[in-house]
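Visitor: Would you mind keeping the following structure in view while I ask a few things?
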Amino acid sequence: MNDKAYFIITLLFGWCGAHKFIQKKYGMGLLYLVTFGLFGLGWAADCFRALLPVLRHKNGAPAASAQHDNIVDQLCLSLDPEFVSFVLPMIKAGLSWNRIEQAYRSSFPDSECEDLALRIQYVESYYSNSTEIASLKECGASKYRIISMPDHELCDICKRFKGRTFPVSSARIGYNCPPFHLGCRCTTVIEE
């Protein structure tokens, strides 16, 4: 959905949480519906947030924060939003997986997350591939190729995409661009 359409939906139907339902944040959508958009305050704040990308595009400025929000929203569809919002800033700061894992375990000692390292790797891979695809689009690259690890641990999903080429304009992480799943070791390279 483009920024203008999202702003219009938020402006007209945000009081009942329509924009939250579009984002698949069903709990918040119900809360907005029951409380008239958090008594109008949440609705007004969301309208302002939805208007910013529209104004940036109108002025010709890049919508970098909108891209960041989109990455976070997409990651939250597959992982716990609290986990993503905790881990992503540390990944951006360049901390190692071990340091992030230690920070997470000390902040959430009751968490029994067995695949924590895989989840951190997934967020890091998702973020780095999102920024790589954005930079490929900016530099005018037309295609990318998926590279998979050539070993016995290669899963059926990654085998299906190994060596395939896709247009940069249609890149969607999890569909035709890695990571495809937790533990995915695929990456992309520019195709000339």
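Visitor: Considering Lys137, Lys162, which residue is over 26 Å from Ser96 (Cβ atoms) and in contact with a Leu (Cβ under 8 Å, 6 or more places away or on another chain)?
Guide: Selected residue: Lys162, the only one of Lys137, Lys162 that is over 26 Å from Ser96 (Cβ atoms) and in contact with a Leu (Cβ under 8 Å, 6 or more places away or on another chain).
Visitor: Still on this structure, please answer the following. Quick check on Tyr127: is it touching a helix residue (DSSP H, G or I) at 6+ places or on another chain (Cβ under 8 Å), at pLDDT 85 or above and in a helix (DSSP H, G or I)?
Guide: Yes; evaluated as a whole, the condition is true for this residue.
Visitor: Considering only residues that are on the phi < 0 side of the Ramachandran plot, surrounded by fewer than 16 Cβ atoms within 10 Å (Cβ to Cβ) and assigned to a loop (DSSP other than H, G, I, E, B), which ones fall in region 148-175?
Guide: Those that are on the phi < 0 side of the Ramachandran plot, surrounded by fewer than 16 Cβ atoms within 10 Å (Cβ to Cβ) and assigned to a loop (DSSP other than H, G, I, E, B): Met149, Pro150, Asp151, His152, Glu153, Leu154, Cys155, Lys162, Arg164, Arg172, Tyr175.
Visitor: When you go through Ser85, Ser78, Ser65 one by one, which is the residue that is hydroxyl-bearing (Ser, Thr, Tyr), over 29 Å from Phe166 (Cα atoms), surrounded by 12 or more Cβ atoms within 10 Å (Cβ to Cβ) and at pLDDT below 85?
Guide: Being hydroxyl-bearing (Ser, Thr, Tyr), over 29 Å from Phe166 (Cα atoms), surrounded by 12 or more Cβ atoms within 10 Å (Cβ to Cβ) and at pLDDT below 85 holds for just one of Ser85, Ser78, Ser65, which is Ser85.
Visitor: Of all residues in region 93-120, count the ones that are of a type in the set (Gly, Ala, Ser), more than 23 Å from Arg185 (Cα to Cα) and part of a helix (DSSP H, G or I).
Guide: Matching residues across region 93-120 total 3.
Visitor: Kindly indicate the residue of region 19-29 that is exposed (fewer than 14 other Cβ atoms within 10 Å of the Cβ) and without any contact (Cβ under 8 Å) to a residue 24 or more places away in the chain and also farthest from Ala5 (Cα to Cα) among those meeting that condition.
Guide: Gly27
Visitor: Okay, next question. Could you tell me whether any residue of region 170-184 is under 23 Å from Pro89 (Cα atoms) and either hydroxyl-bearing (Ser, Thr, Tyr) or out of contact with any helix residue (DSSP H, G or I) (no Cβ under 8 Å at 6 or more places or on another chain) (or both)?
Guide: So far as region 170-184 goes, yes, one or more of its residues are under 23 Å from Pro89 (Cα atoms) and either hydroxyl-bearing (Ser, Thr, Tyr) or out of contact with any helix residue (DSSP H, G or I) (no Cβ under 8 Å at 6 or more places or on another chain) (or both).
Visitor: Quick one: in region 138-157, of everything that is under 20 Å from the mean Cα position of the chain (by Cα) and touching a residue at least 12 places away in the same chain (Cβ under 8 Å), which residue is nearest to Ser125 (Cα to Cα)?
Guide: Only one residue fits best here, namely Ile146.
Visitor: Which ones in region 130-142 are hydrophobic (A, V, I, L, M, F, W, C) and either closer than 24 Å to Lys159 by Cβ or part of a helix (DSSP H, G or I) (or both)?
Guide: Ile133, Ala134, Leu136, listed by residue number.
Visitor: Here is a follow-up. Report whether or not Arg145 is assigned by TED's automatic domain parsing to the domain that holds Thr187, more than 24 Å from Lys24 (Cα to Cα), among the charged types (D, E, K, R) and not in a loop (DSSP other than H, G, I, E, B).
Guide: The answer is yes for Arg145.
The values are calculated or read from the model by the stated rules, or taken from the named source; none is laboratory data. These numbers were taken from a predicted model, which means no experiment stands behind them. Cβ coordinates were reconstructed from backbone atoms using ideal geometry, including for glycine residues, and neighbour counts include every protein chain displayed.
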